[in-house]
1. Please go through region 109-139 and pick out each residue that is in contact with a helix residue (DSSP H, G or I) (Cβ under 9 Å, 6 or more places away or on another chain) and either surrounded by fewer than 11 Cβ atoms within 10 Å (Cβ to Cβ) or modelled with pLDDT of 95 or more (or both).
2. Look through region 1-45, keep the residues that are part of a helix (DSSP H, G or I) and among the small types (G, A, S), and return whichever of them is surrounded by the fewest Cβ atoms within 10 Å (Cβ to Cβ).
3. For region 307-329, what are the residues that are in a loop (DSSP other than H, G, I, E, B) and closer than 21 Å to F276 by Cβ?
4. I'd like the residue in region 219-235 that is among the hydrophobic types (A, V, I, L, M, F, W, C) and either surrounded by 15 or more Cβ atoms within 10 Å (Cβ to Cβ) or at pLDDT below 95 (or both) and, out of all such residues, is nearest to I261 (Cα to Cα).
5. How many residues, within region 55-91, are at pLDDT 95 or above, under 20 Å from the mean Cα position of the chain (by Cα) and polar (S, T, N, Q)?
6. Working only within region 79-92, note down all residues that are in a strand (DSSP E or B) and either within 13 Å of E115 (Cβ to Cβ) or in contact (Cβ under 8 Å) with a residue 40 or more places away in the chain (or both).
7. Run down G238, G200 and say which single residue is assigned to a loop (DSSP other than H, G, I, E, B), surrounded by 15 or more Cβ atoms within 10 Å (Cβ to Cβ) and either small (G, A, S) or at pLDDT 95 or above (or both).
8. Being outside the structural domain of A231 (by TED's automatic domain parsing) and crowded, with 17+ Cβ neighbours inside 10 Å: is that true of I57 here?
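The values are calculated or read from the model by the stated rules, or taken from the named source; none is laboratory data. None of the values given here were measured: they were computed from a predicted structure. We place every Cβ from the backbone using ideal geometry, glycine too, and count neighbours over all the protein chains shown.
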Amino acid sequence: MLNTSDFNYDLPAELIAMRPAEKRQRARLMVLKRDGSTVQSVFENLPEYLNSGDMLILNETKVVPARLIGKTQGGKPLDILITGKTAEGRHSILSRGKYSGILYFDGGFSCRVYEGKEAEFQSSENFTKLIFKNGLMPLPPYITRHPEDSDKERYQCVYAKYEGSIAAPTAGLHFTEDLLAQIKTKGVTIRAVTHHVGTGTFRPVKTKFVEEHRMDEERFEMNSSLVHDIASVRANGGRVIYVGTTVTRAVESVLSGVAVIDDSTDGKLRGRTSFFIYPGYVFKGADAIITNFHLPRSTPLFLVSAFIGRDNVLSAYKEAIKGGYRFFSYGDAMLLI
């Protein structure tokens, strides 16, 4: 059994990125190799580490501005995060406390909250339009500032297409259209999946042993041909590079046969996964992973440790802290290769 405490590290608060790099592609990039050695670079230099014949897989999910701040019937502010729909037609939410009652919003609409866990909205306006007009980007709690208008652009990948996430697949935040064009010009195939980021990705691990943690299900979609294409790239000497832990979990859950697959006749592979990757797992399709620096004792940290080794990861994190790298969602990037 793996002790959760063995995946801890101390991070100075000033290294938690409160805002993104001024320019997406100018975030720093630490290249971590399997032998534990590192190279210091900048994300815009990523094409230098890619070869013709490689395949890069992105996550095209789009973040929904699902955070709403209202006032209770007693006039107290209450912050809610909409995480999905319930079978009863209500919306599941995350909020502090167990408030039940009406919650009023500045946009002239309201909702009834049930014990801080569900909400039923009262509005004649289309719910999606309502949220995109009035909602805030759901920045993670360690970003202690209030969401700003600029976050609606920067907390979103430039290639985001399909609405459904309550958090950004942050490894993709460093890409620009120009950088993607450079990668294509180099002969790298760019493919995509859609993995909607939900509570499964960021729910804290509270168990003593890593294996005891259970992840919530998240939905994904990809072309059914992707499985064959991954095998073909690798058979021809190319490498498959996953952009982020959500891409990793979606693709690996399919390759490992643990995903719950829905019926489909349109060439799409749709399903759900609660796949939890931690050290001991043998990867089926990944030759490299692009990712950010993750929270201590978190599921993404377990995943990257499974790929390249816990000691390598924690040693690289120690080096990053000493070098002043910026951590977490708006922070700098790693290439595990």
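1. Matches in region 109-139: L136, M137, L139.
2. Taking the candidates together, the pick is A13.
3. Kept after step one, since they are in a loop (DSSP other than H, G, I, E, B), are these residues of region 307-329: 309, 323-326, 328-329.
Within region 307-329, G309, F328, S329 qualify.
4. Restricting attention to region 219-235, the residues satisfying the condition of being among the hydrophobic types (A, V, I, L, M, F, W, C) are 220, 222, 226-227, 230-231, 233, 235.
This time we only want the ones that are either surrounded by 15 or more Cβ atoms within 10 Å (Cβ to Cβ) or at pLDDT below 95 (or both), so: 220, 222, 226-227, 230, 233.
On the way: F220: 9, M222: 11, L226: 15, V227: 14, I230: 19, V233: 24 Å.
Step by step, filter region 219-235, then rank; the result is F220.
5. So the count comes out to 2.
6. Once the filter is applied, which keeps residues that are in a strand (DSSP E or B) and either within 13 Å of E115 (Cβ to Cβ) or in contact (Cβ under 8 Å) with a residue 40 or more places away in the chain (or both), region 79-92 yields I80, L81, I82, T83, G84, S92.
7. Working: G200 fails: assigned to a loop (DSSP other than H, G, I, E, B).
The unique qualifying residue is G238.
8. For I57, the condition - outside the structural domain of A231 (by TED's automatic domain parsing) and crowded, with 17+ Cβ neighbours inside 10 Å - is not met.
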